Amino acid sequence: MKDASPDALLPLPAAVFHILIALADRDRHGYSIMQDVAARTGGKVQLSAGTLYSSIRRMLEQGLIEELKESPDPANTDERRRYYRLTRFGKRVAGAEVDRLTSLLRDARATGLVPGT
Amino acid sequence: MRAKRIYKALLHCYPAAFRNEYGSQMQLIFSEQLGATRRSGIRQAVLWLRAALDALTVAPREHAHIIAQDVRYAIRSTAASPTFAIVAILSLALGIGASTAIFSLWNGVLHSSLPAVQAPGQLVMLTNPEASGSWLGMLDQERPWLTFEEFKQLQDHADTFSSLMAVQSLLDTWQVRSADGGWDEAHGHFVSGGFFDVLGVHPKLGRVFTEAGGDSSAPEAVISYKFWQRWFGGRSDVLGKTVALRNVALTVIGVAPSGFIGETAGQQPDLWVPLGMAPVVTPGLNWLHDTAPAKYMWLHVFGRLKPGATGAQAEAQAEAQANAIFKAGLDSFYGPAAPPERRESLNQYLKIHPAGRGVSPARDKFSNSLTALLAAVGVLLLIACANLANLRARMRSFPGLESPERPAWVRTELASRAQRSAAGWGLAGFGCARPSLCRLHGTPSAPGERSP
């Protein structure tokens, strides 16, 4: 899947895109991803554990993210935690999704559906 | 702790592979969320609601994903080594097919109850369920069949039974002719008026003979569901039509329910005709009267004990009464006035047999050979499984399926995928079972029928 074109995965499911954004700035474990998504959206999007790990399972298969063998934070020694990192392919796919949404927004503005900035 | 146990139980909605891989993480998160909402009952309730909703929506998607992967894997592994896969699949299909066919036969002959019969476990027989045929002359020891007069004596005097019925032991084969002149071969039995009452069978169409109607000699017939379909095309105006049987035109008064085959395992009668018609259809034999020097024994006798009379003691009591009536009849036939050689027949007796599985002369005869055959096909199935295990071993070395870059749970899944795909191929086995059964029967098979 890593050799596939990012466009083949578009449009991304909302949960997958949120997880990609959460992992963009640093590696995180599952609960941290959930908290980050909730904080960024002002609590409007709250991923459930089932949705989160179902998405993670699919993203691992698609090569969008990878699981880390060790905790990236030496201060956090909780071995039960499993951390995930965005892959280069994941970044390309996230970028392609951003382009798609930007283009969509541009079209909406051009038609006057939404006011421009 | 209780909340954790409940959540852990809820995780069983997810596929095992998913649960093994992510279950502990999900439990960890749920514990943290539960801790964060400790002071708010409403937030806890919302948390539980979301967990339940998760199980209802995400879990089915995960199951679907696993099934889709199984199918893809099965196709991919088959394509990787088609010859070997085809051999393994065929072995498995034939193994399952043969096992299913032989098991059906074994179960049908040795263990199944009579189909479409009410409470077959309560049926008893006063004749030998393993005997089929008739006898004109003298017998000794246990009586395999009864004469019509002996049956009538029991029916009139054996009050330990709620009802008794008699049926011709042999399945007759007749050439029958329809009103439009067409000929066909049909199988049938002469039966007493209580035949359908004792078996607890209600007609699909029309009416059946009843005990209250007695053993009439009216030229009537009840036809089987299959004969109705074959001979009359399942038309609803069949009642009142005639079927010519030798020199008699029998009027169809009813159609038996689908699946009903009567009292003998493995037979498929087309017609049931009143006992009283036997001398008319086949003249020359003394069907209905015991006339010295020989009795004509041709009937199997079935009955049900009175309601509430169950267990060995009740059966022993009924058997004793039946024997008392039977012996009295023997005394008058073979008694002091008879020549000495005929008095040897006085040692005959009746024995009560459970009759829920019906009459089956083949049961005793084929019991050992069928069990041996079942064991043999079991071994065949094991060989087929061994073939498949070999296929799995080959597939595990197939490039790309065991990549270390794959998540652990995917690798685990792949390792057992060939086994699970076997279940899919196994369905092909059931496809093989049906024609095998038909071939063993020697007849086309239909729903509701049973094996001989």
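Give me the pairs: first residue in segment B:67-81 and more than 16 Å from B:A17 (Cβ to Cβ), second residue among the aromatic types (F, W, Y), beta-carbon distance under 9 Å, and six or more apart or on different chains, which are they?
B:A74/B:W425; B:R76/B:F398; B:S77/B:F398; B:A80/B:F398; B:S81/B:F398
Could you please find all residues in segment B:33-81 being hydroxyl-bearing (S, T, Y) and either part of a helix (DSSP H, G or I) or within 14 Å of chain A (Cβ to nearest Cβ) (or both)?
Residues satisfying the conditions are B:T37, B:T57, B:Y73, B:S77, B:T78.
Within segment B:343-370, which residues are among the β-branched types (V, I, T) and in contact with a Leu (Cβ under 8 Å, 6 or more places away or on another chain)?
Listed by number, the list holds a single entry, B:I352.
Per-residue answers, yes or no, for (1) at negative phi; (2) part of a helix (DSSP H, G or I); (3) within 12 Å of chain B (Cβ to nearest Cβ); (4) of a type outside the set (S, T, Y):
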| residue | (1), (2), (3), (4) |
| --- | --- |
| A:R58 | yes, yes, yes, yes |
| A:D78 | yes, no, yes, yes |
| A:R81 | yes, no, yes, yes |
| A:R92 | yes, yes, no, yes |
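Could you check, for segment A:21-32, whether at least one of its residues is surrounded by fewer than 19 Cβ atoms within 10 Å (Cβ to Cβ), part of a helix (DSSP H, G or I), away from chain B (no Cβ under 14 Å) and of a type in the set (A, V, I, L, M)?
yes
For segment B:1-32, how many residues are part of a loop (DSSP other than H, G, I, E, B) and of a type in the set (A, V, I, L, M)?
Selection size over segment B:1-32: 1.
Within segment A:74-105, which residues are farther than 25 Å from B:A64 by Cβ, surrounded by 15 or more Cβ atoms within 10 Å (Cβ to Cβ) and not aromatic (F, W, Y)?
A:R81, A:L86, A:T87, A:K91, A:R92, A:A94, A:A96, A:R100 - these are the residues of segment A:74-105 that are farther than 25 Å from B:A64 by Cβ, surrounded by 15 or more Cβ atoms within 10 Å (Cβ to Cβ) and not aromatic (F, W, Y).
Of the numbered conditions (1) at the interface with chain A (Cβ under 9 Å from one of its Cβ atoms); (2) under 22 Å from A:R28 (Cα atoms); (3) buried (at least 17 other Cβ atoms within 10 Å of the Cβ), B:S24 satisfies every one except a single condition; which is it?
Unmet condition: (3).
Answer yes if at least one residue in segment A:55-73 is among the small types (G, A, S), crowded, with 18+ Cβ neighbours inside 10 Å and either closer than 14 Å to A:A24 by Cα or free of Cβ contacts under 8 Å to residues at least 40 places away in the same chain (or both), and no otherwise.
no
Conditions tested, residue by residue: (1) among the hydroxyl-bearing types (S, T, Y); (2) away from chain B (no Cβ under 14 Å); (3) part of a helix (DSSP H, G or I).
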| site | (1), (2), (3) |
| --- | --- |
| A:S54 | yes, no, yes |
| A:E61 | no, no, yes |
| A:K69 | no, no, no |
| A:T102 | yes, yes, yes |
| A:G112 | no, yes, no |
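Can you find even one residue in segment B:1-13 that is facing chain A (nearest Cβ under 9 Å) and over 16 Å from B:E62 (Cβ atoms)?
The answer is no, given that none of the residues of segment B:1-13 is facing chain A (nearest Cβ under 9 Å) and over 16 Å from B:E62 (Cβ atoms).
Going by what's in this entry, would B:Q267 be described as free of Cβ contacts under 8 Å to residues at least 12 places away in the same chain and closer than 25 Å to B:G108 by Cα?
The answer is no for B:Q267.
In segment A:38-52, which residue that is under 12 Å from A:H18 (Cβ atoms) and in a loop (DSSP other than H, G, I, E, B) is nearest to the other protein chains (Cβ to nearest Cβ)?
Once the filter is applied, the top-ranked residue is A:Q46.
Might you let me know whether segment B:88-104 holds any residue that is within 14 Å of chain A (Cβ to nearest Cβ) and over 30 Å from B:F260 (Cβ atoms)?
So far as segment B:88-104 goes, no, none of its residues is within 14 Å of chain A (Cβ to nearest Cβ) and over 30 Å from B:F260 (Cβ atoms).
Inside segment B:245-305, counting only strands (runs of 3 or more DSSP E) that do not spill past its ends, which hold 1 or more residues that are among the basic types (K, R)?
Result: B:295-297, B:299-305.
So B:L92 fits all but one of (1) in contact (Cβ under 8 Å) with a residue 24 or more places away in the chain; (2) surrounded by fewer than 17 Cβ atoms within 10 Å (Cβ to Cβ); what number is the exception?
(2)
Do we find that B:A64 is buried (at least 18 other Cβ atoms within 10 Å of the Cβ) and over 30 Å from B:P203 (Cα atoms) in this structure?
So B:A64 does not fit the description; no.
Throughout, read-outs are computed from the coordinates displayed, never taken from laboratory work. Here the structure is a predicted model, which means the values were calculated and not measured. Neighbour counts run over all protein chains shown; Cβ positions are idealised from the backbone, glycine included.
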